[in-house]
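Participant: This is the structure I want to talk about, given as structure tokens.
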Amino acid sequence: MRIRATVAAVSGALALSALAVPAAQAEDAPKAGGLSAFSGQAQSDDVVGDTKITNVVINGGKNIVLGTTAAKTITVSVTATDNSGIDDADVALWHGSSVDDPDGFLLTNEETATCTASSATTTCKHTITVDPQADLYKNSLAGTWKVAAIAWAKDGDYMEKDAYKTHRVQRFSKLTVNAAPEPVVKGKPITVTGKLSRANWETSTYAGYTGQPVKLQFRKAGTSTYTTLKTVTTNSTGNLKTTVTAASDGYWRWSFAGTSTTPAVSAAGDYVDVR
């Protein structure tokens, strides 16, 4: 597995400052990108000179959501300033209780970033490919990850942060709905069923998400807004079931608000003709 190999290679440590070097050595020093930028012994945040990291953006600010098989490539960027200009920058995401012993680790694909300068401010971009079958080897990796970043200036200054910010990595969710019977006589009961499931990274399958509150919503035919009628909790297999009274033609759906580990999802509306 890529993560396990990476963590072993860095001896369980993330150390951006291992590559921060004086200007005289900068020409021969390894730069951002790949394993080399994050190897060495764990050290605390560090800064030399006037280099400042002003922003780090992961996946356009959106959560990273992975299913069971398909890999996803995201864009990450570091914006930094220095009076000499920024030469390069890098990012890594790590998961765990300590930077000294991470259980998850995501590195950039490129050896060097693509940097765009505007005066003393420069934004450097990389990509990171996340493979759920290699990088997300256990379900407990879903949730909040730390974002490490480093920026090197052209005069040899640098700034590194082991945990500049946090970002969420989540398990893809699915939600189904079925309203029956169709059609139905006005005033008669309608049974609405469905299932909330999410990716299980350990088995590469989807499994029911148990004990979760899910809203039952209705949109009357000819309108564009759903109204919440009640909240139902998923059972031990992630299934949902409730009964309502047929009043008018329209669409029924389930809507889940999401959690820190699982994104929000709404089922496509199921139309019921009331006669």
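Participant: Listed residues 14, 66; which is among the hydrophobic types (A, V, I, L, M, F, W, C), surrounded by 17 or more Cβ atoms within 10 Å (Cβ to Cβ) and modelled with pLDDT of 50 or more?
Facilitator: On the way: 14 fails: modelled with pLDDT of 50 or more.
Criteria check complete, one pass: 66.
Participant: Might you let me know whether region 255-268 holds any residue that is closer than 30 Å to residue 54 by Cβ, in contact with a Pro (Cβ under 9 Å, 6 or more places away or on another chain) and touching a residue at least 60 places away in the same chain (Cβ under 8 Å)?
Facilitator: No, that holds for no residue.
Participant: Considering each of 152, 201 in turn, give the residue that is within 27 Å of residue 257 (Cβ to Cβ) and open to solvent by less than 20 Å² (accessible area, probe 1.4 Å).
Facilitator: Values: 152 fails: within 27 Å of residue 257 (Cβ to Cβ).
Result: 201 is the single residue among 152, 201 that is within 27 Å of residue 257 (Cβ to Cβ) and open to solvent by less than 20 Å² (accessible area, probe 1.4 Å).
Participant: Right, another one. If a residue has to be among the hydrophobic types (A, V, I, L, M, F, W, C) and open to solvent by 60 Å² or more (accessible area, probe 1.4 Å) to count, how many in region 204-251 make the cut? Quick ask: steps written out before the conclusion?
Facilitator: Pass one, region 204-251, residues among the hydrophobic types (A, V, I, L, M, F, W, C): 207, 214, 216, 218, 221, 229, 232, 240, 244, 246-247.
Now restrict to residues that are open to solvent by 60 Å² or more (accessible area, probe 1.4 Å): 229, 247.
Adding up the residues that qualify gives 2.
Participant: Take residue 261 and decide whether it is modelled with pLDDT of 95 or more and surrounded by fewer than 17 Cβ atoms within 10 Å (Cβ to Cβ). Break it down stepwise before answering.
Facilitator: Working: modelled with pLDDT of 95 or more: yes; surrounded by fewer than 17 Cβ atoms within 10 Å (Cβ to Cβ): no.
So residue 261 does not fit the description; no.
Participant: Here's a follow-up. Would you list the strands (runs of 3 or more DSSP E) that sit entirely within region 132-249 and hold 3 or more residues that are on the phi < 0 side of the Ramachandran plot and either among the hydroxyl-bearing types (Ser, Thr, Tyr) or in contact with a helix residue (DSSP H, G or I) (Cβ under 8 Å, 6 or more places away or on another chain) (or both)?
Facilitator: On the way: elements: 143-153, 158-171, 173-175, 178-180, 189-200, 205-208, 213-220, 227-233, 239-245.
Per the criteria, 143-153, 158-171, 189-200, 227-233, 239-245.
Participant: Residue by residue through region 108-135, note down the ones that are in contact with a His (Cβ under 9 Å, 6 or more places away or on another chain) and closer than 30 Å to residue 200 by Cα.
Facilitator: 108, 109, 110
Participant: May I ask you to list the residues in region 54-73 that are within 16 Å of residue 141 (Cβ to Cβ) and part of a strand (DSSP E or B)?
Facilitator: Across region 54-73, the qualifying residues are 58, 64, 65, 66, 72.
Participant: Just to check your reading of the model, which residue among 73, 79, 123, 112 is touching a Ser or Thr at 6+ places or on another chain (Cβ under 7 Å) and open to solvent by 60 Å² or more (accessible area, probe 1.4 Å)? Let's see the steps before the verdict.
Facilitator: Working: 79 fails: open to solvent by 60 Å² or more (accessible area, probe 1.4 Å); 123 fails: open to solvent by 60 Å² or more (accessible area, probe 1.4 Å); 112 fails: touching a Ser or Thr at 6+ places or on another chain (Cβ under 7 Å).
Sole residue among the options that is touching a Ser or Thr at 6+ places or on another chain (Cβ under 7 Å) and open to solvent by 60 Å² or more (accessible area, probe 1.4 Å): 73.
Participant: Moving to a separate point now. Here are 114, 127, 123, 81: which of them is in contact with a strand residue (DSSP E or B) (Cβ under 9 Å, 6 or more places away or on another chain), closer than 30 Å to residue 199 by Cβ and polar (S, T, N, Q)? Step through it out loud before you land on a result.
Facilitator: Values: 114 fails: closer than 30 Å to residue 199 by Cβ; 123 fails: closer than 30 Å to residue 199 by Cβ; 81 fails: closer than 30 Å to residue 199 by Cβ.
On inspection, the qualifying residue turns out to be 127.
The values are calculated or read from the model by the stated rules, or taken from the named source; none is laboratory data. Remember, predicted model here, so these are calculated numbers, not experimental data. So basically every Cβ, Gly included, is an ideal-geometry build from the backbone, and we count neighbours across all protein chains shown. These accessible areas exclude ligands, DNA and RNA; they are computed on the full protein's heavy atoms, side chains included. Shrake-Rupley method; radii C 1.70, N 1.55, O 1.52, S 1.80 Å.
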